[in-house]
Amino acid sequence: MLEEGFPEQAIRESDCSVLNYTFDWSVLWREPYGELLLTGIFTTIHLSLLAWVLALVVGILVGVARVLPNHLTRLVGFSYVQLFRNIPLLLQLFIWYFVLPLLLPRPAQSWLYRNVPDLPYFMSVVGLGLYTASRVAEQVRAGLASCPSGLYEAASASGLSTFHVYRYVILPYALRIIIPPFTAEFLTCFKNSALAMTIGVMETTGASYQIDSLTYHGLETTTAASLVYIAITLSVVLFMSWVERRVWLHGMIGRRS
Amino acid sequence: MDWNVITRNFEFLCGGLGLTFQLAAISMVGGLLLGIILGLARLSSRKWIFVPATLYVNLFRSLPLLLVIFWFYFLAPLIIGRPLGDFLSVIIAFIAFEAAYFAEIVRGGIQSIPRGQLEAGYSLGLRYHRIMLHIVLPQALRNMIPPLVTQCVIIFQDTSLAYVIGLKEFLRRVSITDLREFRSVELYLFAALVYLAICSLGATLSSRLERRKSIHSERYGKAILPVEAPC
C-alpha cells in the first residue's frame, strides 16, 4: 500500500510545484538583472533608431529610383525591393553575421573582427536597416504615386523647374501623406529589432530571455518586456498623431483632433 | 565552395521545408478564420464586442512575434500546468499573432464597401448577418485578396522564427546542417535562394491580382453604383 501510494504522491507534489508558480517580481530590479533589463531597453531603442535612419536614407533613394523615368534605376530599385523583402529577416541577419565575414578576403575579415567592437550589434543595425529600407521604399513609391498628376502638371505649367516642383509642391504634399505608413514601418522596425537577440545582441527580448534562463522567472520578465514594447509603441503612436495634426493642411483628408 | 553539401543533406532539408509549409498553411487558415471574426467584431456597434476585439488587435500588433512565441512556449505550461509541445505552442502563437493582422485587413476590406450596400440590404428587409454573409463579405473578400496574399507571404517568412524554440523547420535544419558540416556560406545562401523563390512567387501573384482588380474596378466599378431604384 505504502509503496504504491508513494509515487502517486510524488507526482501530485510535482504537479503542484508547476501550478504553484511563485511570483518574484524583484528579478526585474534585483542586482545584476535590473541593469541587464535596463541596458536591454536602451539597446532596443538605439538599435531600432539607428536602423531606422539607415532605412530612411536607403529606402528613400530606392523608392525614388523606382519612379524615375530611367529603366536602369527602376530595375535596380525593383531588384533591391524584391531581394530584401522576400528573404526572412532572421535569415538575413544570419547572412550578415555568419556568412558575410567569410566571403570577405582574409585581411578584410581579420580587420573586421579586430576593429568593429560589437560585431553582432553592428550587423543587426545593417541587416535590420537594409531590410526595413525595402519596405520604406515601397511606401515612398506609393506616396509619390498617390500625388495627383494634376499637381505635377499645374506646378510645371506655372514655370517651376523639376527640382522646384518636387521641392515646393510634390514633396510637401507627399511627405504628409507618407507620415502614417512611415509610423507603421518604424514600429515594425522597432518590433523586428527583437530578432537581433538570435545573433547575440542583448536587447529587451534577449535580456528577458537571459534573466529567465538565470532565474526561471520567465513570467515576470516576459511580462515586463511586453509592457516595454507596448509602452514605447503607444508613445510613438501618440507622438506621431500629434505631429500629423501639427502639419495637417486645409483640404487634406486627415485625422482632426 | 562545396555545393555538394546541399545534395548530401537534401532529404533532411526538404523535410524541414515540408514542416515550414505545414506551419504556414495552418497559421494562414487559423489566422484568417480568427481574423475574420475579430475584424467583424472591430466593426461592431456593441461596446462589449468592440472593446475586447480592439484591445486584442492592438495588443498583439504592438508585440514582436518573437515575444509572443516565448509567451506561449515558456509560459503557457506554467499557466495550464503541462507542456504544450513545440509544434502546438508555435502554431497557437502564430494563429494568435497573425489573426490581429488579418483582422485589420478584413476590417479595411469591409470598410472599402460603400455604406449604401448595407442600407440597400436593410431596405430589402435582410438581417445584418445575411447582408454581411451574402452582400458585403463576398465583395470585401475580393478586395482583400491582394493584401491577404501579401500577408501569407509574410507568414511564410515568419515561420522561420520557430527557429528560436528549436522546432526543426527549414531554417533550423539549415543551421543544424551547418553545425555538422561547417559550410555556412553555401547553406545559408541556398536557404536564402529557396525563400526568395517561394516568396517572390507569392509577391508576383499578389501584384498581379492587384493589377487585375484595379482594371476590373475601372471597367465595372461604376456599374455597381447607379442601380435603378424600383419605384
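So the values come out like this:
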quantity: Phi-based couplings in Hz for the range A:153-162 (Karplus 6.51, -1.76, 1.60; Gly and Pro marked x); calculated: 5, 4, 5, 6, 5, 7, x, 7, 6, 3
quantity: Residue among A:Phe163, A:Phe239, A:Phe78 with the largest mean-square fluctuation in a Gaussian network model of chain A, springs linking Cα atoms under 10 Å; calculated: A:Phe163
quantity: Charge context of A:Ala207, other residues only, Cβ under 14 angstrom, K/R +1, D/E -1; calculated: -3
quantity: Degrees, to the nearest 10: A:106-115 long Cα axis against longest axis of chain A; calculated: 70
quantity: Surrounding net charge for B:Leu65, when Lys and Arg each add one and Asp and Glu each subtract one, Cβ distance under 11 Å; calculated: 0
quantity: Distance (nanometres) between label positions extended 7 Å along Cα→Cβ at A:His71 and B:Ser207; calculated: 1.7
quantity: Under DSSP loop assignment and at most 16 Cβ neighbours within 10 Å, longest trypsin sites (Lys or Arg not before Pro)-free interval of chain A; calculated: A:31-254
quantity: Pairwise centroid distance, computed over Cα atoms, of the range A:24-71 with the range A:120-199, Å; calculated: 17
quantity: GNM result for chain B, Cα springs below 10 Å: residue of B:Leu75, B:Leu38, B:Leu65 fluctuating most strongly; calculated: B:Leu75
quantity: Among A:Leu47, A:Leu175, A:Leu144: highest mean-square fluctuation, GNM of chain A, C-alpha pairs under 10 Å; calculated: A:Leu175
quantity: Chain B - percent relative contact order, Cα under 8 Å, separation 6 or more; calculated: 29
quantity: Chain B: C-alpha gyration tensor shape, a/c 1.5 cut-off, then a/b vs b/c; calculated: oblate
quantity: Prolate/oblate/rounded call for the range B:92-225, Cα gyration tensor, a/c under 1.5 rounded; calculated: oblate
quantity: Residues B:Phe170, A:Phe84, sorted so that the one with the fewest Cβ neighbours within 10 Å comes first; calculated: A:Phe84, B:Phe170
quantity: Chain B: angle of helix B:184-224 to the longest principal axis, Cα-based, in degrees nearest 10; calculated: 10
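We did not get these values from a lab; they are worked out from the coordinates using the rules stated. All figures in this text were calculated on a predicted structure; none of them were measured in a lab. Cβ coordinates were reconstructed from backbone atoms using ideal geometry, including for glycine residues, and neighbour counts include every protein chain displayed.
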